[in-house]
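Shown next, in structure tokens, is the structure this report addresses.
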Amino acid sequence: MDFKNTDEILDFAIKNEQQAADFYNNLANDAEVKEMKETFLAYAKEEEGHKARLEKIKATGEYDLPEEKVLDLKLGDYLVKSKASGKMSYQDSLILAMKREKAAYKLYMKLSEIAPNDNLKKIFKGLAIEEAKHKLKFEIEYDDVIYKEN
């Protein structure tokens, strides 16, 4: 990733958030279970919120992401990778969502390392934390629903 300026970094992150929102909206559209559909729509909305936050940062130069730590159950690290496909099972959808959130976390941590200033470093670390929270929610859901069924 070679970025020439802050706007290019933010544009990349904004595009990434839109792709994440689209991913969750697509999973919601394919979901057969009402609760699953609602879960994925909620995540799409959160990703759209991240996008809006980044767009605001780009427009104003101001940021407001708190620093915090998030527990990682690491369940997603031990599950088989899967690709999005029509009519996925709830288990496969959760696994894929965990993998995407882990990848998004790694992406934002990498962007924080290469960010040209402390403000952008904090922004990307904050977004990484948000993605870690999403992964944790999916891990908890997986643990509560899938592990208890088996």
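Since ALA42 meets every condition but one in (1) among the hydrophobic types (A, V, I, L, M, F, W, C); (2) surrounded by fewer than 16 Cβ atoms within 10 Å (Cβ to Cβ); (3) modelled with pLDDT under 85, which condition does it not meet?
Of the numbered conditions (1) among the hydrophobic types (A, V, I, L, M, F, W, C); (2) surrounded by fewer than 16 Cβ atoms within 10 Å (Cβ to Cβ); (3) modelled with pLDDT under 85, the odd one out for ALA42 is (3).
Whether any residue in region 96-108 is surrounded by fewer than 18 Cβ atoms within 10 Å (Cβ to Cβ) and within 22 Å of TYR24 (Cβ to Cβ) is what I want to check.
Checked region 96-108: at least one residue is surrounded by fewer than 18 Cβ atoms within 10 Å (Cβ to Cβ) and within 22 Å of TYR24 (Cβ to Cβ).
I'm trying to understand the selection: among the residues of region 71-116, which are modelled with pLDDT of 85 or more, closer than 23 Å to ASP144 by Cβ and basic (Lys, Arg)?
Those that are modelled with pLDDT of 85 or more, closer than 23 Å to ASP144 by Cβ and basic (Lys, Arg): LYS99, ARG100, LYS102.
What number of residues within region 89-106 are in contact (Cβ under 8 Å) with a residue 24 or more places away in the chain and either touching an Asp or Glu at 6+ places or on another chain (Cβ under 8 Å) or farther than 21 Å from LYS15 by Cβ (or both)?
So the answer is 10.
The values are calculated or read from the model by the stated rules, or taken from the named source; none is laboratory data. Given the structure is predicted, the values throughout are model-derived calculations rather than measurements. Using ideal geometry, Cβ is built from the backbone for each residue, glycine included, and neighbour counts are taken over all protein chains shown.
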